[in-house]
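Everything below concerns the one structure shown next.
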Amino acid sequence: MKNKAIIITTPMVYAARLVSALQEKGFSNLVQHSVIENIFVDSPHFHLLFDTLLTYDFIILPSRNAIEAFIEQSKKYTIELELLQQVRFVTIGKDADYLLKFGLTNYLDSTEPSTEGIFNALKKYAKIKKMAVLVPKVEGIDEPDIIPDFLNDLRSIGQVHKIEAYITRPSETIDKQITKRIIDDNYNIIAVTSGGEIEALKSLLGSSVDFQSLRIVCFGPYTAQSAFKHNISPLLVGNDFSSFDGFADAIHTYFANVDNDI
């Protein structure tokens, strides 16, 4: 597996975990640089959120960036930990462990680590009046459908307070070596973990390559939706997307069973 060149485009907040999982499977030719960047912002909606914190049935933090944005703003507004510990937070998959590092717990366990899993778990609750959801403001690329669809689903079961907690945009400091390797066809696969990465790749590569010919492997079916939108047929779509270990296992199995020497 050492000779397999894998380009990793996942955001920096997740990158170390994916790299580590792939290294444990014997991959060493890993080229990592996030194609998107996330910038925290001071949304005026945070003021209302913290003033009425305990009036929300749930506060949904569907990414690590959402968790970090919430924690950063709670410190700015000097919100006591004892108050935050009364909040019913909802996170996705392993992000519950990340939230725990700040002394806070995930209230709701879903059977599937995804926004759809959250919705399916929440709709079992009766009389949900109000939820706050921290989401990105997408700039410079088309917004993937996953967050708008999630918000629409949530509005079917209660009032939703949408907070644009950070900005997501194509990286302004993209490593030119990565785009050159893709343009020169000097890689085996591109491992993507979100629809935003696919949208950013399209923006960054422009007309330099035949975008539909990219050899992409997708973390799970929701990431793959963005690939299909651009008529890309992923070489692999992970079915165990509860952790990066499952993704690394799937990639290892793919190379073990398919002769993909480029």
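The values are calculated or read from the model by the stated rules, or taken from the named source; none is laboratory data. Predicted model, so just to flag it, every value in this text is computed and none were measured. Reconstructed Cβ throughout: ideal geometry from the backbone, glycine too, with neighbour counts over all protein chains shown.
Structure summary
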quantity: Some residue of segment 35-51 being in contact with a helix residue (DSSP H, G or I) (Cβ under 6 Å, 6 or more places away or on another chain) and modelled with pLDDT of 95 or more; calculated: no
quantity: Among residues of segment 141-163, those that are touching a strand residue (DSSP E or B) at 6+ places or on another chain (Cβ under 7 Å) and at pLDDT 90 or above, counted; calculated: 9
quantity: Residue check, S156 touching a helix residue (DSSP H, G or I) at 6+ places or on another chain (Cβ under 9 Å) and more than 24 Å from R17 (Cβ to Cβ); calculated: yes
quantity: Residue that is farthest from the chain's Cα centre (by Cα) [pool: residues in segment 130-171 that are of a type in the set (V, I, T) and under 15 Å from S63 (Cβ atoms)]; calculated: I163
quantity: Residue that is nearest to the chain's Cα centre (by Cα), among those in segment 230-247 that are in contact (Cβ under 8 Å) with a residue 12 or more places away in the chain and not in a loop (DSSP other than H, G, I, E, B); calculated: F244
quantity: Criterion (closer than 30 Å to R181 by Cα and surrounded by fewer than 16 Cβ atoms within 10 Å (Cβ to Cβ)) met by exactly one of Q23, Q86; calculated: Q23
quantity: From the options I6, I59, residue that is within 30 Å of A191 (Cβ to Cβ), crowded, with 16+ Cβ neighbours inside 10 Å and modelled with pLDDT of 90 or more; calculated: I6
quantity: Filter pass, Y166 being within 26 Å of R17 (Cβ to Cβ), out of contact with any strand residue (DSSP E or B) (no Cβ under 9 Å at 6 or more places or on another chain) and either aromatic (F, W, Y) or crowded, with 21+ Cβ neighbours inside 10 Å (or both); calculated: no
quantity: Residue ID - nearest to I71 (Cα to Cα), chosen from residues in segment 118-138 that are of a type outside the set (A, V, I, L, M) and surrounded by fewer than 18 Cβ atoms within 10 Å (Cβ to Cβ); calculated: K137
quantity: Among residues of segment 139-163, those that are crowded, with 18+ Cβ neighbours inside 10 Å and under 15 Å from F40 (Cα atoms), counted; calculated: 1
quantity: Any strands (runs of 3 or more DSSP E) falling wholly within segment 1-88 and containing at least 1 residues that are touching a residue at least 60 places away in the same chain (Cβ under 8 Å) and farther than 30 Å from H252 by Cβ; calculated: 36-40, 58-60
quantity: Qualifying residue in segment 168-175 (condition: in contact with a Phe, Trp or Tyr (Cβ under 7 Å, 6 or more places away or on another chain) and of a type in the set (K, R)); calculated: no
quantity: Output for segment 76-130, where each listed residue is in contact with a Leu (Cβ under 8 Å, 6 or more places away or on another chain) and of a type in the set (D, E); calculated: D95
quantity: Tally, over segment 26-56, of residues that are farther than 25 Å from S171 by Cα and buried (at least 18 other Cβ atoms within 10 Å of the Cβ); calculated: 4
quantity: Lone unmet requirement of (1) under 22 Å from F50 (Cα atoms); (2) assigned to a loop (DSSP other than H, G, I, E, B) for T173; calculated: (1)
